[in-house]
Amino acid sequence: MGTVTPRSVLRYETWTLQPDREPDAEPVQYAMQCAVDGETSPTSEDFAEPQNWLLRHCGQNPSHHTYREIITRRWRAWRQM
C-alpha cells in the first residue's frame, strides 16, 4: 500500500449577510401583484403607489381579493477575516 495524499482541501469560512445600507446602495422598491390574474403594479420606491394601484385594481375587479407584496431589497455579503 502506498502513501496517502489528499485530493482536496476544505476550508470553512464565516460570511456575513445584511441589507445594503451604504450611501450608494440602490433604494428598496415595492410592487403589488394580484394573485388572481397575475397583474402587477408599477415598481416604486414609495409604497403608496403600489398600494393605490391595488385599491384601483380591486375596485375594477371586485372578485380579486388576494395580492402579493413584492419587495426588492439589495443585500451585501462579505467574508469575515
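The values are calculated or read from the model by the stated rules, or taken from the named source; none is laboratory data. Since the structure is predicted, the reported quantities are computational estimates derived from the model, not experimental observations. All Cβ positions, even for glycine, are placed from backbone atoms using ideal geometry, and neighbour counts span all protein chains on display. We work out accessible area using only protein heavy atoms, side chains counted, and drop any ligands, DNA or RNA first. Shrake-Rupley method; radii C 1.70, N 1.55, O 1.52, S 1.80 Å.
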(request) With N set to the residue count of the chain, report its C-alpha Rg divided by 2.2 N^0.38 Å to two decimal places. (result) 1.97
(request) Let me know the shape class of the stretch 2-45, please: from the alpha-carbon gyration tensor, a ≥ b ≥ c as square roots of the eigenvalues, rounded when a/c is under 1.5, otherwise prolate if a/b is greater than b/c, or oblate. (result) oblate
(request) Kindly work out what percent of the DSSP beta bridges joining two residues of the stretch 11-81 are antiparallel, to the nearest 5. (result) 100 percent
(request) Please check the chain for the longest run free of trypsin sites (Lys or Arg not before Pro) that are loop-located per DSSP (anything but H, G, I, E, B) and have at most 16 other Cβ atoms within 10 Å. (result) 22-72
(request) At 0.36 nm per residue, minus the direct Cα-Cα distance, what do Ala77 and Asp24 gain on full extension? Give it in nm, one decimal, please. (result) 17.5 nm
(request) Would you calculate the separation in nanometres between label points at Thr40 and Leu55, each defined as 7 Å from the Cα along the Cα-to-beta-carbon direction? (result) 2.4 nm
(request) Could you state the accessible area per residue of the chain in Å², with a 1.4 Å probe and every protein chain left in place? (result) 84 Å²
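With contacts defined as alpha carbon pairs under 8 Å and 6 or more residues apart, what's the relative contact order of the chain in percent?
Worked out over the chain, it gives 42 percent.
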(request) Provide the per-residue ³J(HN,Hα) series for the stretch 71-81, in order, calculated from phi with Karplus coefficients 6.51, -1.76, 1.60 and θ = phi - 60°, each as a whole number of Hz, with x at glycine and proline positions. (result) 10, 10, 10, 7, 10, 10, 10, 8, 7, 7, 9
(message) Taking all protein chains in place and a 1.4 Å probe, what share, in percent, of the accessible surface of the chain do carbon and sulfur account for?
(response) 49 percent
